[in-house]
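The values are calculated or read from the model by the stated rules, or taken from the named source; none is laboratory data. Just so it is clear, the model here is predicted, and its values are computed rather than measured. When we count neighbours, we look across all protein chains shown, and the Cβ atoms used for this are built from the backbone with ideal geometry, even at glycine. Each accessible area value is taken on the protein alone, full model and side chains, heavy atoms only, with ligands, DNA and RNA left out. Shrake-Rupley method; radii C 1.70, N 1.55, O 1.52, S 1.80 Å.
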Amino acid sequence: MASSRIQATARQLSRTFKKKTRFEIGIASELPLAYKKFWREWKVLKPAAVHFIPQEGKWRRDELTGETLPVQNVSLPLKHPAEIHEGIWGGEAVIKGFQKRDPQRRRVPHYWVPVLKRTVVKSEVLNTHLSVTVTDRTIKLINDHYGFDHYLLKTPACDLISMLALKLKKQILTELMNGCPRYMHDPAKQKTVYEEYKTYLTSYTPEEIEWYGLTWYEALSKVAKLKEAANRPVPLKNIYRKNLVEKLKAAEMENEKSATDDIATTTSWLSKMNPFGKKDEA
């Protein structure tokens, strides 16, 4: 009986005391909501299915047996090597699995790696050409979105994955927020580009653009620097110098005021002694 009560109490406590998330520990608790929104878009949202075709509905019927089976859209386990952040792979990644190469032998581990190629893309907002490593799917997505900038701005962070794509997206949003200053030499082109892409700014605030595309450690470093700048101690010599300057200014103003009063008093005395001056009316 005692052991069952202890187990029930432990289960109740486990439901009461929730495990802290990464945003509730240490300096991470001071991260703004703008970065939490980006983190949710990057790491929490479910990316689009790339390596399998998802089935619609909750149930399906087997064509051979006629049995009703539940639909299970289980995504493949993907590997994201460090090289993925040096290019734009369009949602593709390395697949780790097994391959049966010989019917008489056991299966062997195998890695399926996407075919990579280097190509040149143009960013209309940034007014520049970029040489990046892409896949065939990336080129298809760019063509489907009618431009490299449209592809980056319409695709969520969970599908872009790579830091290169996220940094470029942040740079494009910053450029749009500033009014496309790279086209200042051509006002007509500047207005055309801004009018075409300004609709994407409605989804982000300036603060969200500032925190967009930062890794976890970059965000923590930024919070630490902002905190350090806000709590930076002021040297006493600067405080004393400021107080001295204020006192000197106050003394100078007092001297000017007293000098003005003396001149007014002298003028009044001389006017009384002047027999040809105008007398005050009674």
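Here Lys100 is the anchor, and the lysines within straight C-alpha reach of less than 26 Å, apart from those fewer than 8 places off in the same chain, are Lys79. Given 10 °C and 1.306 mPa s, compute D for the chain with the Stokes-Einstein relation, Rh being the Kirkwood radius over Cα pairs; round to the nearest whole µm²/s. In µm²/s, the coefficient is 60.
Between Arg22, Arg106, Arg182, the Gaussian network model of the chain with springs among Cα atoms under 10 angstrom shows the greatest mean-square fluctuation at Arg106.
Put a dot 7 Å past the Cα of Leu244, heading toward its Cβ, do the same for Lys96, and the two dots end up 6.7 nm apart.
For the chain, a Gaussian network of Cα nodes joined below 10 Å ranks Asn73, Asn178, Asn255 by mean-square fluctuation, and the top entry is Asn255.
For a Förster distance of 25 Å, can you work out the FRET efficiency between the beta-carbons of Gln104 and Asn73, rounded to the nearest 0.05? Here the calculated transfer efficiency is 0.15. Taking a spot 7 Å from the Cα of Thr128 along the direction of its beta carbon, which residues of segment 178-203 have an amide N less than 19 Å from it? Flagged as within label range: 178-186, 190, 193-194. Counting 0.36 nm for each residue step from Trp216 to Lys191 and taking away their Cα separation leaves a gain of 5.4 nm. Over segment 27-84, accessible surface divided per residue gives 78 Å², non-protein components excluded, 1.4 Å probe. For segment 185-236, the spherically averaged projection of the C-alpha convex hull amounts to 6.8 nm². Between 0 and 90 degrees, the angle of helix 187-197 with respect to the longest Cα principal axis of the chain falls at about 50 degrees.
About its Cα centre, the dipole of segment 94-243 is roughly 840 debye, where the only charges are +1 on Lys and Arg Cβ and -1 on Asp and Glu Cβ. Entry note: segment 90-152 has Rg to Rh equal to 1.24, where both radii use alpha-carbon atoms and Rh is the Kirkwood radius.
In plain terms, the C-alpha convex hull of segment 33-78 casts an average shadow of 4.7 nm² when viewed from every direction. With the simple model of a label 7 Å out from the Cα in the direction of the Cβ, Ala48 to Ala224 spans 3.8 nm. Rg of the Cα atoms in segment 155-198, relative to 2.2 N^0.38 Å, amounts to 1.33. Dipole orientation for segment 161-208: of the candidates Thr205, Cys180, Leu166, Leu166 has the Cα lying most toward the positive pole (charges on Cβ; Lys, Arg +1; Asp, Glu -1).
How large is the Kirkwood hydrodynamic radius of segment 55-109, in angstrom, based on all distinct alpha carbon pairs? Over segment 55-109, the inverse of the mean reciprocal pair distance is 15.2 Å. List the residues of segment 168-185 whose backbone N lies under 11 Å from a point placed 7 Å from the Cα of Leu201 along the Cα-to-Cβ direction. Flagged as within label range: 173-181. Taking every Cα-Cα distance in segment 29-140 and sorting them into 10 Å bins from zero, the calculated P(r) comes out as 10, 24, 30, 23, 9, 3 percent. Here segment 116-183 is treated as an ellipsoid with the same Cα gyration tensor; its semi-axes, largest first and in whole Å, are 20, 13, 11.
Using just the helices of the chain, give the 222 nm mean residue ellipticity in deg cm²/dmol: DSSP H runs with n ≥ 4 each add -39,500 (n - 2.57), and the total is spread over all residues, rounded to 500.
Working: 10 runs with 127 residues, N = 282.
For the chain, the value works out to -14000 deg cm²/dmol.
Each Lys and Arg contributes +1 and each Asp and Glu -1, all at the Cβ; summed about the Cα centre of the chain, the dipole is approximately 1680 debye.
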